[in-house]
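The values are calculated or read from the model by the stated rules, or taken from the named source; none is laboratory data. Since this is a predicted model, take the numbers as computed values, not measurements. Reconstructed Cβ throughout: ideal geometry from the backbone, glycine too, with neighbour counts over all protein chains shown.
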Amino acid sequence: MNIRRNDIVQVMAGDERSTREKAVRGKVLRVEDDGRVVVEGVNFVWKHLRRSQQHPHGARIQKEAAMDASNLMLVCPSCDKPAKVAHQRLETGERVRICKKCRQAIATRT
């Protein structure tokens with residue numbers, strides 16, 4: 001998968017794309033094993049909590065849900081556009097991601 005944690009991605013398809021006029025971007029919080037991604041501020045769902053000491057009357061909270069990685073596109077930090085990703089191996093043996101639009105290496109954010 002070309003998407004990693006702390007990458008900036010843009011939603012290209014799905015409910016989030018169809019309900020908003022402008023393209024939605026967000027930071028990747030978590031990448032799951034089954035090809036799903038949790039993006040900050042995107043794809044909210046309601047979670048119902050039963051009564052507990054922290055929530056004596058119960059609660060409804062909104063949280064981000066995972067969405068399929070195929071609905072997202074990585075935003076290149078150098079050209080600031082959503083782009084496809086290629087992989088290239090350097091002379092040191094390190095494998096880096098390359099933006100196919102501007103041909104620049106995409107550094108992993110920490």
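Brief remarks on what is shown
- So R51, is it basic (K, R) and free of Cβ contacts under 8 Å to residues at least 24 places away in the same chain: yes
- Where a residue in the range 23-37 is at pLDDT below 90 and its partner, wherever it lies, is of a type in the set (K, R) and not in a loop (DSSP other than H, G, I, E, B), with Cβ under 9 Å and at least six apart: A23/R17; V24/R17
- The range 36-69: number of residues that are among the aromatic types (F, W, Y) and closer than 12 Å to E16 by Cβ: 1
- The residues of the range 66-96 that are farther than 19 Å from L29 by Cβ, surrounded by 12 or more Cβ atoms within 10 Å (Cβ to Cβ) and either in contact with a helix residue (DSSP H, G or I) (Cβ under 8 Å, 6 or more places away or on another chain) or not hydroxyl-bearing (S, T, Y) (or both), listed by number, are C76, C79, K81, A83, K84, V85, A86, V96.
- Subset of the range 50-65 (residues that are farther than 16 Å from Q10 by Cα and surrounded by 12 or more Cβ atoms within 10 Å (Cβ to Cβ)): H55, A59
- Any hit, the range 43-58, residues being touching a helix residue (DSSP H, G or I) at 6+ places or on another chain (Cβ under 7 Å), within 22 Å of V85 (Cα to Cα), in a loop (DSSP other than H, G, I, E, B) and modelled with pLDDT under 90: no
- Restricting attention to the range 67-84, the residues being closer than 28 Å to V45 by Cβ and either touching a strand residue (DSSP E or B) at 6+ places or on another chain (Cβ under 7 Å) or of a type in the set (A, V, I, L, M, F, W, C) (or both) number 9.
- Residue list for the range 69-82, restricted to those being under 18 Å from G14 (Cα atoms) and of a type outside the set (V, I, T): A69, S70, N71, L72, M73, L74, P82
- Unique residue being more than 12 Å from N2 (Cα to Cα), of a type in the set (D, E, K, R) and out of contact with any strand residue (DSSP E or B) (no Cβ under 9 Å at 6 or more places or on another chain) when the list is E64, E91: E91
- Top-ranked residue of the range 59-99 - restricted to ones that are aliphatic (A, V, I, L, M) and not in a strand (DSSP E or B), ranked as modelled with the lowest pLDDT: L90
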